[in-house]
Structure formats: C-alpha cells, structure tokens
Amino acid sequence: MEFLDELQRRRTFGIISHPDAGKTTLTEKLLLFGGAIQEAGAVKSNKIKKGATSDFMEIERQRGISVATSVLAFIYKDKKINILDTPGHKDFAEDTFRTLTAVDSVIVVIDVAKGVEAQTEKLVEVCRMRNIPIIVFINKLDREGKDAFDLLDEVEQKLGLKVTPLSFPIGMGYDFKGIYNIWGKKLNLFSEENKQTISEGVEFSDLDDPELDRIVGEDAAETLREELELVYEVYPKFDKEEYLNGALQPVFFGSALNNFGVKELLDCFTEIAPTPQPKMSEERLVDSKEDKLTGFVFKIHANMDPKHRDRLAFVKIVSGTFKRNAPYLHVRNGKKMKFSSPNAFFAEKKEIVEESFPGDIVGLHDTGNFKIGDTLTEGENLNFKGIPSFSPEHFRYVNNADPMKSKQLQKGLIQLMDEGVAQLFTLEMNGRKVIGTVGALQYEVIQYRLEHEYGAKCTYENLPMHKVCWVDPEDAKNDEYKDFKRTKQRYLAKDKQGQLVFFADSAFTIQMTQSKYPSVKLHFTSEFK
Ligand code: G4P
C-alpha cells in the first residue's frame, strides 16, 4: 500500500473519562468490533482498583498491565485504529495529559447517572486548549440516569463544549427501548439478548412512518418524534469541519456493557475522525504527509524486571515511514540511533515491525537515552513542541537515606523524572531537591522503584505548598523582576530544564504576588511561550 493510503487509513485517539464511567468497557467493545479480541473480558482494566491506593505492590502489578494496554490497535472497515490508553486515576493525570499530545482526537465517556465529573472536566479542558476534536459518548443508558436534554446542557456548561446529538435514546433505565441513530437515520432496538452480538438497526429515514409506532409503541414513538424535533430545532447541524476544528462536538448515547450504541459510535468515528495531523515543532509545522520520518516520545515505560533496566519509549510517528534498523537522529543528544526491534501494538499484543506510518505508535527499547518530549528525525534539527509540565499539587523534599548510594539516588531520580513519574525542582537558595507530583501515590512508586531498580533509599519531608508557577520574565520590568527575585528568594527553584519556578503556599499568595509584580508573569504550565 502507498504511503499516503497508509496515512489516510489511520485514526489515533484516546478515550478519556472519570474513573468508572466505562472507558475500559468501551475500549473492549471497540476491540470486539475490530475482531481484535474474541470475547468480552479480554482487556484487563489497568485502573488502580478502589482501596488499593496505598499498596505499591498493587501499583507495580497494575503498571505491568498498563504497559500491555498502553496502545491498542485494531482494523475496522479497513481503517487502522490506534487507541492510546489514558489512565483515569487522578494521580496519573499528568500521564494522561502527555498522552493527549499524541492523539489526533478523543472520545469522552460520561456516566448517564453521574453526568460530568471532576476528572472529565480537567481532561476536556486540556483537549479544548489544543482544539482536539471530541466525540462525547453518554454511557450506561440501561440504568436510570439524568434526562438526555439536561445532560446535553450539563456537557455544554461544565465542559464548555458546543454539542450536537448524533444519536438519541428512547427511554432510559428500565424503560430503555433503544436508540435512534440520527447520523445513520436508523433505529436500533435494545434487547437484553443482543448483548454480545452486533445487531444491524432498522432503517428509518421517515420518522412519521407508522411502523415506528408498531415497533416501539405509540407513546414512545410520539415522545421520540417530539424530542427529535427539539433536537433539530435547538442544536446545530453536524458539520465535519467544525468538529475537526474543535468547535462542535457530536454526542452519542449507548450502553458499552450491553454493546449498545457502540457500533454507531464507531461507524461515525471512522468516517469523521481526523487522519494523522500536522504537528508544530519549535522550528516549523511538520505535515504528516512529508516523506521524511519525524516522531516524538510521549511516554516511557520502565521494565518490571529490576534485573534488566530496560525501558520502552513510546514514539508517535508524525511524518514519514519508520523503518526497522534505519538510522535516525536523536535530536537532543545529536546521536544517530538504529532500532533493531521496534514494537508495534496490536490488540493486547506487541510485536516487532518492519515499518510504521504517521499516526502509529512504536515502542523502542531504551537503556536511558530517551526523555519524554525527545524528537527523532532523519537528520533535521527539529524539536516537537507541546509536552508541557503542569503544576504539581503535592511537594516533598527528598533526602538521601543511604549516604553510600548517593550516585544511585541521583541517577534513579533523573531517570524516573525522564519517564515523567514526577517533577524535580532544585531550590535556588540551598540546592535542596523537591519532588512535585499530581497525586500522593507517586511518592510510594518512586521510593519503591528507587530501592528495587537503583538500590537507593530515600526519605521525604513534607513541603506544604499549594502550587508551583513557572516564572516568565520576558516582559518584566527590570526593577520589578529584581525585587521579585530578592523578596521571594526562599521560594524560587529551577525545574529540570532550568526554568525558574516560584513555590506558592496558597492561591492567595499567587494573587498577591501577581498584583505586586504585574509585569512578572506566573503560569501553571511550563509551556507558555
Ligand atoms: P473505567 O474504565 O472508566 O473506570 O470504567 P469500567 O469500564 O471499568 O466500568 C466501570 C463499571 O461500570 C464496571 O462495573 C462496568 O461493568 C460498568 N459499566 C460499564 N458500562 C456500563 C453500561 O453500559 N451499563 C452498566 N449498567 N454498567 C456499565 P464494575 O462493577 O465496577 O466492574 P466489573 O466488576 O463489572 O468489572
């Protein structure tokens, strides 16, 4: 197949949701459609189970599972679909944020009873900042939940989206009768029996057809007609361009567990979802159709086996064809590298591939050469943008607990930070190291892995801070900046890239500081230029 055909076939996306909304179940059903797995239950949940938050053995076990489910690929209607896993657990939000830099679109799963939840809000905000095309899937229609119109309102208001339903439920919970697929003009009836099979809907281009009354009953048919009329009146007509620009979000209803409404979602997705998109680098915009290879590392996964400190770097291919054993430039360290066993991912397996195309993810075995954000090219000096660090919310000093192993500790800390497990800051005043994380869970992961993978021991000391802000002195008035640095000396540190950050103990401090030094800009992410 020609390069451009391969490119056009690819759809690379992430499913995001608040934990328990049904992300794993939906993923599994999508794989079932692709024929990539044979039965339900084959995709293991990689979420941290409830109650296991302080058990690091469990974390390690889960880490092992999640490497297998990091990328799930399948073929559907000749499209190669790559699903990138995004952990729902809030302590791993940063991992999810980074994965979102490698997707071309997302599907947001919302629980019909719970509506829009906190984690969904955060993740969608990141997608909106990047104008990522979003499809919304409202799940668990077999259960009693909120009214469909109320939910659409909630999605618009809480997530700041402009929605248009492309399917609409007939009843809900006990009275759930089916779904009218606005996109395909088809009626799909729900029956408990069709849980595992894939039923074709009945075509209904004319809703006034009395056949509808016969099938769903007069009352339900009447309600559906009225509701659809309202839908057509209130919501904008679907427009693919607007969806692709992140300005309009189609909504589907269904029940992932019952495999209901999933095929409609997938059929529409394969038709409208974007092919691999161009990506901005610091130097220029790289088009996916360019024939020279470019790609970037968005995730690094350490091996579970402490005897082999082997890691897997996940590279999203932006342009060109990735070839096994071809020399590529690792731009940051200026070295040419060859990869003899690049992994591709298919369903829940990984296998060695000869070639990969834009949109694909390749897993490269790494012994410590890669950092998150690194770029590979055929020789051009390019650095992809867009893997920002977000302000952590937990901070602890890290102390060496074994003076004989200080080198190991340094090395371990640097490598774990390269993997993006947490962020390391060095205080300007005394050189002490502070680890910042999104959730408390990571401290245990770090301590455990330092000991088991690097033979180093550490202890922590709490640092009661609210957030770090990245300091942007570009437009700062000279005197103001000097004064800021002098008075805030104790709270200034450098991040791993050497950027200046300010530790704030409260939101109020940030506000006060900003009003005292208005020309010194403070940001909650490291990417502000
Ligand atoms: P997550 O990955 O977003 O965290 O959610 P997951 O798919 O694990 O689903 C969370 C729970 O919701 C699971 O139940 C799952 O079976 C259920 N679920 C998913 N889709 C539907 C649906 O359409 N209808 C109904 N009624 N339930 C649904 P669980 O009891 O927590 O787990 P399990 O023991 O079934 O695995």
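We did not get these values from a lab; they are worked out from the coordinates using the rules stated. Computed from a predicted structure; not experimentally measured. A quick note on method: Cβ atoms are made from the backbone with ideal geometry, for glycine too, and the neighbour counts reach across all protein chains shown.
Things worth noting here:
- Proximity of backbone amide H atoms, modeled 1.01 Å from N, is registered between T86 and I15 at under 5 Å, excluding neighbours fewer than 5 places apart on the same chain.
- Using the alpha carbons alone, the radius of gyration of segment 400-508 stands to its Kirkwood radius in an Rg to Rh ratio of 1.02.
- For the chain, the longest principal axis of the alpha carbon atoms and the long axis of helix 507-516 meet at an angle near 60°.
- On the basis of the beta-carbon distance and an R0 of 45 Å, K162 and M404 show a calculated FRET efficiency of 0.15.
- Extension gain for K336-M1 works out to 117.8 nm (0.36 nm per residue, less the C-alpha to C-alpha distance).
- Backbone N within segment 275-293 under 16 Å of label point (7 Å from K240 Cα along the Cβ vector): 275-277
- Residue list for segment 451-495, given a label point 7 angstrom along the Cα-to-Cβ vector of S519 and an amide N cut-off under 20 Å: 470-489
- Here segment 334-373 is scanned for amide nitrogen atoms under 19 Å from the site 7 Å beyond the Cα of D291 along Cα-to-Cβ, giving 355-359.
- Karplus-derived HN-Hα couplings along segment 328-338 (A = 6.51, B = -1.76, C = 1.60, θ = phi - 60°), whole Hz, x at Gly and Pro: 10, 8, 8, 4, 4, 9, x, 9, 8, 9, 10
- Principal-axis tilt of helix 218-234 within the chain, Cα atoms, nearest 10 degrees: 50
- Evaluating kT/(6 pi eta Rh) at 20 °C and 1.002 mPa s, with the Kirkwood radius of segment 465-529 over Cα pairs in the Stokes-Einstein relation, gives 183 µm² s⁻¹.
- Our estimate of slack between R490 and F508, defined as 0.36 nm per intervening residue step minus the Cα-Cα distance, is 4.7 nm.
- Near S255, the amide H atoms lying under 5 Å from its own belong to K140, L141, F260, G261, V262; only residues 5 or more places off or on other chains count, and H is placed 1.01 Å from N.
- Over the C-alpha trace of the chain, radius of gyration and Dmax come out as 24.7, 83 angstrom.
- Rounded to 10°, Cα long-axis angle of helix 118-129 versus longest principal axis of the chain: 80
- The reciprocal of the average 1/r between distinct C-alpha atoms defines the Kirkwood hydrodynamic radius, which for segment 302-412 equals 16.3 Å.
- Karplus-derived HN-Hα couplings along segment 478-488 (A = 6.51, B = -1.76, C = 1.60, θ = phi - 60°), whole Hz, x at Gly and Pro: 3, 5, 4, 5, 4, 5, 4, 5, 6, 6, 9
- The length gained on full extension between D208 and L230, counted as 0.36 nm times the residue separation minus their Cα-Cα distance, comes to 6.4 nm.
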